[in-house]
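Structure, as structure tokens:
The values are calculated or read from the model by the stated rules, or taken from the named source; none is laboratory data. Computed from a predicted structure; not experimentally measured. Glycine gets a Cβ as well: all are built from the backbone with ideal geometry, and neighbour counts include every protein chain shown. With ligands, DNA and RNA removed, areas are computed over all heavy atoms of the protein, side chains included. Shrake-Rupley method; radii C 1.70, N 1.55, O 1.52, S 1.80 Å.
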Amino acid sequence: MRSDQITPRIAFTQLLQYERPQAAAWITGSSAAPRLSGLVKFYRTSYGGVLVEAEIFGLPNIEQQGSSDFYAMHIHQFGDCSGNFSKTGEHYNPSGQMHPYHAGDLLPLLGNQGYAWSAYYDKRFTVEEIIGKSVIIHSGRDDFTTQPSGDPGTKIGCGEIQRII
């Protein structure tokens, strides 16, 4: 393949396979979801945006054979995951947008019997802007309408976004 034929998908696949992310959030579950864990990685791209990859285990539908359900995932203002995640603040929203157009409104996770994997491209933030903030996983789906946060349910998973050196 010629270098001028490399599409974003090919570049993203190579990033995920061969490169280290520039930041990541190790997700741990709340007391309501103690089995929840996972990793959300953030990669700079040559396209000016960020490639986000999430792999999450132990979502609430893990016991339901063959089940699938959606779980909201957001970047929140603060990286303090203590106190059952009550200190993470609101969605990261530096430009004051309405929900679901906050920079912190990430794609929802589709959990299949407790497991979810997702990768997508986002140009609403840079890796540097989100260092020290948190990734939150909620107990329910985001309705993409209710203000200010989409009525996603309680916070069941949290991880501080940290720079990878």
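Taking the Cβ of ILE27 as the center, what net charge do the other residues with Cβ under 15 Å away carry, scoring Lys and Arg +1 and Asp and Glu -1?
0
Highest mean packing first, where packing is the average number of other Cβ atoms within 10 Å per residue, the peptides 64-77, 110-123 line up as 64-77, 110-123.
When you filter the chymotrypsin sites (Phe, Trp or Tyr not before Pro) in segment 30-66 for DSSP loop state and at most 13 other Cβ atoms inside 10 Å of their Cβ, you are left with TYR47. Computed packing ranks the peptides 138-145, 6-13 as 138-145, 6-13, most packed first, by mean other Cβ atoms within 10 Å. With a cut-off of 11 Å between beta carbons, the residues surrounding ALA119 carry a summed charge of -1, where Lys and Arg count +1 and Asp and Glu -1.
Think of a 1.4 Å ball rolled over the protein heavy atoms: the chain then has 52 Å² of accessible area per residue. Taking a sphere under 15 Å around the Cβ of GLY150 and counting the other residues whose Cβ falls inside, with K and R at +1 and D and E at -1, yields a net charge of -3. Rolling a 1.4 angstrom probe over the chain with all protein chains present gives an accessible area of which 53% lies on carbon and sulfur atoms.
Looking at the square roots a ≥ b ≥ c of the eigenvalues of the Cα gyration tensor of segment 1-142, which shape do they give, rounded for a/c under 1.5, prolate if a/b is larger than b/c, or oblate? Oblate, because a/c is 1.5 or more while a/b does not exceed b/c.
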